[in-house]
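Participant: To start, I am sharing the structure in question, which I have written as structure tokens.
The values are calculated or read from the model by the stated rules, or taken from the named source; none is laboratory data. In this text, all values refer to a predicted model and were calculated from it rather than measured experimentally. Cβ placement follows ideal geometry from the backbone for every residue including glycine, while neighbour counts extend to all protein chains displayed.
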Amino acid sequence: MAQLWGGRFTKETDKLVYDFNASISFDKRFYAQDIRGSIAHVTMLARQGILTAEERDQIIEGLNGIRKDVENGTLLITEEYEDIHSFVEANLIERIGDVGKKLHTGRSRNDQVALDMKLYTRDEILELDRLLKCLLETLLNMMKEHTETYMPGFTHLQKAQPVTFSHHLGAYFEMFRRDRSRMKDIYRRMNTCPLGAGALAGTTYPLDRDYTAELLEFDGPTRNSMDSVSDRDYLIELLSAMSTVMMHLSRFSEEVIIWNSNEYQFVELDDAYSTGSSIMPQKKNPDIAELVRGKTGRVYGALMSLLTTMKGIPLAYNKDMQEDKELVFDAMDTTKGCLTLFTGMLATMRFRKDRMADSAKHGFTNATDAADYLVNHGVPFRDAHGIVGQLVLYCIEKGKALDDLTMEEYKHISPVFEEDIYEAVSMKTCVETRNTIGAPGKAAMEQVIAQEEAYLIGE
Ligand code: ARG
């Protein structure tokens, strides 16, 4: 048991207490951030004359050595240390001797851990953003390919009006685009440096907090030392944003599962992204989509958990806050994994245009257009709605689509129908005449695609 704080104690910590308290098993993942923060700290200390240039150089060399040895596997981060901060400091002192004991001047583990977690989270936000961008690029390629792939649009999971596959995917594009902008907002709001806040009340050393912030690429130092060590808002915001990403992925997964079902067959998942059954030889299951849908619960859970952990904590640092890490790390790993797998699944999926078009045709998705046809020929909309309702009922009895009715059958229900009704209710007409901004018509869709393309190049 290697502890930094033995001085005022007369007894060894109980082993169970030690294990309960320790965080090394999970905070070891930010050893690189801890070392980076320490290098900035001693660089600032030397500039302020608190350390000599020689002491600074020795400490930095020692810290870089530790990082290298951890990375090449010659130095293992073991559980004999309480946390990653103790591990780095103890190893530094072992390497360079007493000068290593000066590293922690004007610093507390409270501002240190606040810094490490911010540095780690900043990198993770950039990685999440990169993965979201890959997903958007995949979606945009598919959108370009399917501007004439007709499919039913649904409300209440009932066929409603025809759209294109491009348009349907475009809705998800908007969701993930908003997710990226949330990541950007969180990054901007959290990008202040807590180092120098000390345990809670700053320090008597003449620290240059602006300089430390600059060295660590923050926009500036935090403004209140008590808030600096006890702010976990940015983690709650990130968990909330990741929960929203997962909610979007989960909805999309649900659609992929439906589209891939035996009944729909709109898409076929690639063998590399499907799994079989140990008993039923015919099965090819959409496990990836199901797992993404299922894992959403974990990320929501982490958000609830951290909100609850934080709700009763008086200022400033309390050990409860150590609970932020496992939750946030798990949620980050889960969200990144799901984004990666989902993008791969989409990119390898095959599409059955014939099945989609057929489904649109046989679901009376053109019924509104048939009513609009009558309106254009002078029939009031409410009457037109009733006439087409009768047509639909007739079609259901005969097992026909609107497109398949003979002229006689049309005329029998309303004499207003003429030959041009076939053109008016064709899938192509129904979709291509919807060309207002944001609508599924090819011309409207192509304008949006051009805008999304420019956005992806820009950010
Ligand atoms: N492991 C602690 C955490 O994650 C680091 C800060 C410890 N500070 C303290 N005063 N015990 O929050």
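Participant: Please identify the pairs in which a residue from the range 209-226 that is over 18 Å from residue 123 (Cα atoms) has its Cβ atom under 8 Å from the Cβ atom of a residue that is of a type in the set (Lys, Arg) and part of a helix (DSSP H, G or I), counting only partners at least 6 apart or on another chain.
Facilitator: 211/47; 221/209
Participant: Among what's in the range 1-47 and is outside any helix (DSSP H, G or I) and in contact with a helix residue (DSSP H, G or I) (Cβ under 8 Å, 6 or more places away or on another chain), pick the residue that is nearest to the ligand (Cβ to nearest atom).
Facilitator: 23
Participant: Could you check how many residues of the range 184-203 are closer than 13 Å to residue 108 by Cα and surrounded by fewer than 13 Cβ atoms within 10 Å (Cβ to Cβ)?
Facilitator: Number satisfying all stated conditions: 1.
Participant: Could you go through the range 77-87 and let me know if any residue there is in a strand (DSSP E or B) and within 16 Å of the ligand (Cβ to nearest atom).
Facilitator: yes
Participant: Tally up the residues in the range 242-297 that are part of a helix (DSSP H, G or I), basic (Lys, Arg) and over 23 Å from the mean Cα position of the chain (by Cα), please.
Facilitator: Selection size over the range 242-297: 0.
Participant: Another question about this same structure. Pull up the range 298-337, narrow it to residues that are within 15 Å of the ligand (Cβ to nearest atom) and among the basic types (Lys, Arg), then point me to the one that is nearest to the chain's Cα centre (by Cα).
Facilitator: Here the answer is 325.
Participant: Determine which single condition residue 363 fails, assuming it passes every other condition in (1) at pLDDT below 95; (2) within 16 Å of the ligand (Cβ to nearest atom).
Facilitator: All conditions are met except number (2).
Participant: Sticking with this one: Regarding residue 340, is this residue among the β-branched types (Val, Ile, Thr), surrounded by fewer than 19 Cβ atoms within 10 Å (Cβ to Cβ) and either in a helix (DSSP H, G or I) or within 12 Å of the chain's Cα centre (by Cα) (or both)?
Facilitator: yes
Participant: In the range 343-391, which residues are acidic (Asp, Glu), within 20 Å of residue 163 (Cβ to Cβ) and out of contact with any Phe, Trp or Tyr (no Cβ under 9 Å at 6 or more places or on another chain)?
Facilitator: 354, 358, 369
Participant: Could you say which residue among 135, 140, 169, 207 is closer than 30 Å to residue 326 by Cα, surrounded by 16 or more Cβ atoms within 10 Å (Cβ to Cβ) and not basic (Lys, Arg)?
Facilitator: 135
Participant: Between a residue in the range 77-97 that is touching a residue at least 60 places away in the same chain (Cβ under 8 Å) and any residue that is within 12 Å of the ligand (Cβ to nearest atom) and among the β-branched types (Val, Ile, Thr), which pairs come within a Cβ distance under 6 Å, given they are 6 or more apart or on different chains?
Facilitator: Between residues of the range 77-97 that are touching a residue at least 60 places away in the same chain (Cβ under 8 Å) and residues that are within 12 Å of the ligand (Cβ to nearest atom) and among the β-branched types (Val, Ile, Thr), the close pairs are 81/24; 83/24.
Participant: Report yes if some residue within the range 174-183 is among the acidic types (Asp, Glu), crowded, with 21+ Cβ neighbours inside 10 Å and either in a helix (DSSP H, G or I) or more than 11 Å from the chain's Cα centre (by Cα) (or both); otherwise report no.
Facilitator: Taking every residue of the range 174-183 in turn, at least one turns out to be among the acidic types (Asp, Glu), crowded, with 21+ Cβ neighbours inside 10 Å and either in a helix (DSSP H, G or I) or more than 11 Å from the chain's Cα centre (by Cα) (or both).
Participant: Further question: Can you list residue pairs whose Cβ atoms sit under 7 Å apart, with the first residue in the range 310-339 being free of Cβ contacts under 8 Å to residues at least 12 places away in the same chain and more than 25 Å from residue 289 (Cα to Cα) and the second being among the hydroxyl-bearing types (Ser, Thr, Tyr) and more than 10 Å from the ligand (Cβ to nearest atom)? Count only pairs 6 or more apart in sequence or on different chains.
Facilitator: Within 7 Å, the pairs are 320/309.
Participant: Please count how many residues of the range 34-84 are small (Gly, Ala, Ser), under 31 Å from the mean Cα position of the chain (by Cα) and over 30 Å from residue 12 (Cα atoms).
Facilitator: The qualifying residues number 2.
Participant: Could you please find all residues in the range 88-114 being of a type in the set (Gly, Ala, Ser), assigned to a helix (DSSP H, G or I), crowded, with 19+ Cβ neighbours inside 10 Å and within 16 Å of the ligand (Cβ to nearest atom)?
Facilitator: 114
Participant: Could you list all residues from the range 220-240 that are under 10 Å from the mean Cα position of the chain (by Cα) and either surrounded by 23 or more Cβ atoms within 10 Å (Cβ to Cβ) or among the acidic types (Asp, Glu) (or both)?
Facilitator: 238, 239, listed by residue number.
Participant: Answer yes or no: is there a residue in the range 276-292 that is surrounded by 15 or more Cβ atoms within 10 Å (Cβ to Cβ) and within 16 Å of the ligand (Cβ to nearest atom).
Facilitator: no
Participant: Turning to a different aspect of this structure: For the subset of the range 115-132 comprising residues that are of a type in the set (A, V, I, L, M, F, W, C) and away from the ligand (no atom under 16 Å from the Cβ), which member is surrounded by the fewest Cβ atoms within 10 Å (Cβ to Cβ)?
Facilitator: Taking the candidates together, the pick is 126.
Participant: Out of the residues in the range 298-316 meeting the condition of being β-branched (Val, Ile, Thr) and part of a helix (DSSP H, G or I), tell me which one is surrounded by the most Cβ atoms within 10 Å (Cβ to Cβ).
Facilitator: 299
Participant: Tally the residues that are out of contact with any helix residue (DSSP H, G or I) (no Cβ under 6 Å at 6 or more places or on another chain), touching a residue at least 40 places away in the same chain (Cβ under 8 Å) and outside any loop (DSSP other than H, G, I, E, B), restricting the search to the range 186-208.
Facilitator: 1
Participant: Within the range 219-238, is even one residue modelled with pLDDT of 95 or more, more than 16 Å from the ligand (Cβ to nearest atom) and under 30 Å from residue 346 (Cα atoms)?
Facilitator: Within the range 219-238, one or more residues are modelled with pLDDT of 95 or more, more than 16 Å from the ligand (Cβ to nearest atom) and under 30 Å from residue 346 (Cα atoms).
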